[in-house]
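The structure appears below as structure tokens.
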Amino acid sequence: MEYPGNLYVVAAPSGTGKSSLVKALMELDSHITPSVSHTTRAPRGQEVDGREYHFVDNATFDRMVAEGAFLEWAHVHNNRYGTSRAGIEAMIGQGKDVVLEIDYQGAIQIKQLFANAVLIFILPPSWQELRSRLQRRAEDSADTIELRLRNAAEEVAQVQAFDFVIINDSFDRALFDLKAIAHAQRLKFAAQKRARAETFRALNIL
Ligand code: ADP
Ligand code: 5GP
């Protein structure tokens, strides 16, 4: 399916710094809109319903699956998460850029639906640092942290299915890399032709 907006899909093992990086990118780039997923997990820390996630119970999630309300959904760390269809197709169809922060299973489903989606995998610099970040974040129980670390080994093995890889060692360097990917997308022929239509016309480029 052809659409003028960019669809960025960012995946990483929990604790790598994906949400922090995407948040920083959006503060710098007001043209990128986040997609707010639905989840059956409980809110943690300062999370607000409708901002980080739409927090729903199992029955509501089941109903949304049955109604085909999700573009993709997956079981992740004993909970379910899904990207609602409403809005995303309309936004990218209107030329808006949308970022999805989802797990690798969802990312692969999205690439099957949208061949032009840009899949970005963020790796931690080491297992030890990943553990420290999960502990420093201090929002998950010790059991949850262990579960997330066990799942992380399986997740990083999926990196080969992604278009781009960023290693989040220095935050500033990783943010630079993420900005570079977004910038490069906007320099592609079709994007430039839309954004700089007058220049193209003046140069007699059809
Ligand atoms: P994720 O969304 O991938 O689960 P978060 O964005 O919540 O991860 O980040 C996990 C923790 O690691 C947070 O406390 C965050 O401040 C911290 N963090 C993120 N990036 C870095 C980095 N490059 N160096 C050190 N700490 C980081
Ligand atoms: P967390 O509970 O830490 O917010 O997220 C756990 C995992 O679920 C992360 O890997 C996150 O990217 C993933 N996730 C969040 N929303 C979605 C979604 O809509 N679909 C899928 N497949 N994964 C998601």
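The values are calculated or read from the model by the stated rules, or taken from the named source; none is laboratory data. None of these values were measured; they are calculated from a predicted model. Virtual Cβ from ideal backbone geometry, glycine too; neighbours counted across all protein chains shown. Keep in mind that these areas ignore ligands, DNA and RNA; they rest on the heavy atoms of the full protein, side chains included. Shrake-Rupley method; radii C 1.70, N 1.55, O 1.52, S 1.80 Å.
Among the residues of segment 182-205, what is the count of those that are out of contact with any helix residue (DSSP H, G or I) (no Cβ under 8 Å at 6 or more places or on another chain) and hydrophobic (A, V, I, L, M, F, W, C)? First the steps, then the outcome.
Step one: of segment 182-205, the residues out of contact with any helix residue (DSSP H, G or I) (no Cβ under 8 Å at 6 or more places or on another chain) are 183-184, 187-190, 194, 196-199, 201-204.
If we keep only those that are hydrophobic (A, V, I, L, M, F, W, C) as well, we get 184, 187, 189-190, 197, 202-203.
Residues flagged as out of contact with any helix residue (DSSP H, G or I) (no Cβ under 8 Å at 6 or more places or on another chain) and hydrophobic (A, V, I, L, M, F, W, C) within segment 182-205 amount to 7.
Among ARG41, ARG51, ARG63, which is among the basic types (Lys, Arg), more than 10 Å from ligand 2 (Cβ to nearest atom) and in contact (Cβ under 8 Å) with a residue 12 or more places away in the chain?
Being among the basic types (Lys, Arg), more than 10 Å from ligand 2 (Cβ to nearest atom) and in contact (Cβ under 8 Å) with a residue 12 or more places away in the chain holds for just one of ARG41, ARG51, ARG63, which is ARG51.
Consider only pairs whose beta carbons are under 6 Å apart and that are at least six residues apart or on different chains; among these, list those whose first residue lies in segment 15-35 and is more than 25 Å from ARG136 (Cα to Cα) and whose second residue is more than 12 Å from ligand 1 (Cβ to nearest atom) and charged (D, E, K, R).
Partner pairs satisfying both residue conditions: HIS31/ASP97; ILE32/ASP97; THR33/LYS96.
Go through (1) touching a helix residue (DSSP H, G or I) at 6+ places or on another chain (Cβ under 9 Å); (2) touching a residue at least 60 places away in the same chain (Cβ under 8 Å) one by one and return the number of the condition LEU113 breaks.
(1)
State whether one or more residues within segment 82-105 are open to solvent by 70 Å² or more (accessible area, probe 1.4 Å), away from ligand 2 (no atom under 13 Å from the Cβ) and within 19 Å of LEU178 (Cβ to Cβ).
Within segment 82-105, one or more residues are open to solvent by 70 Å² or more (accessible area, probe 1.4 Å), away from ligand 2 (no atom under 13 Å from the Cβ) and within 19 Å of LEU178 (Cβ to Cβ).
Considering segment 65-79 alone, what residues qualify as being within 19 Å of ALA107 (Cα to Cα) and either open to solvent by 30 Å² or more (accessible area, probe 1.4 Å) or not in a strand (DSSP E or B) (or both)?
First, the residues of segment 65-79 that are within 19 Å of ALA107 (Cα to Cα): 65, 68-79.
If the condition is that a residue be within 19 Å of ALA107 (Cα to Cα) and either open to solvent by 30 Å² or more (accessible area, probe 1.4 Å) or not in a strand (DSSP E or B) (or both), then VAL65, GLY68, ALA69, TRP73, HIS75, HIS77, ASN78, ASN79 are the ones that fit.
Of the residues PHE55, PHE61, only one is open to solvent by 20 Å² or more (accessible area, probe 1.4 Å), among the aromatic types (Phe, Trp, Tyr) and on the phi < 0 side of the Ramachandran plot; which?
Values: PHE61 fails: open to solvent by 20 Å² or more (accessible area, probe 1.4 Å).
After applying the criteria, what remains is PHE55.
For segment 54-63, state whether one or more residues are among the small types (Gly, Ala, Ser) and in contact with a strand residue (DSSP E or B) (Cβ under 9 Å, 6 or more places away or on another chain).
Taking segment 54-63 and keeping what is among the small types (Gly, Ala, Ser), we get 59.
Still in the list and also in contact with a strand residue (DSSP E or B) (Cβ under 9 Å, 6 or more places away or on another chain): none.
The answer is no; no qualifying residue exists.
For (1) under 21 Å from PRO34 (Cα atoms); (2) without any contact (Cβ under 8 Å) to a residue 40 or more places away in the chain, each residue gets a yes or a no:
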{"site": "GLN94", "(1), (2)": "yes, no"}
{"site": "ILE102", "(1), (2)": "yes, no"}
{"site": "PRO124", "(1), (2)": "no, no"}
{"site": "GLN135", "(1), (2)": "no, yes"}
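Before we move on, is GLU155 part of a helix (DSSP H, G or I), open to solvent by 10 Å² or more (accessible area, probe 1.4 Å), closer than 18 Å to THR39 by Cβ and among the acidic types (Asp, Glu)? Step through it out loud before you land on a result.
On the way: part of a helix (DSSP H, G or I): yes; open to solvent by 10 Å² or more (accessible area, probe 1.4 Å): yes; closer than 18 Å to THR39 by Cβ: yes; among the acidic types (Asp, Glu): yes.
Yes: the conditions hold for GLU155.
Being open to solvent by 40 Å² or more (accessible area, probe 1.4 Å), in contact with a helix residue (DSSP H, G or I) (Cβ under 7 Å, 6 or more places away or on another chain) and at pLDDT 95 or above: is that true of LYS179 here? Reasoning before the result, please.
Details: open to solvent by 40 Å² or more (accessible area, probe 1.4 Å): yes; in contact with a helix residue (DSSP H, G or I) (Cβ under 7 Å, 6 or more places away or on another chain): yes; at pLDDT 95 or above: yes.
When the stated conditions are applied, LYS179 passes them.
Hey, could you check segment 161-176 for residues that are within 12 Å of ligand 1 (Cβ to nearest atom) and part of a loop (DSSP other than H, G, I, E, B) and say which is most open to solvent (accessible area, probe 1.4 Å)?
ASP169
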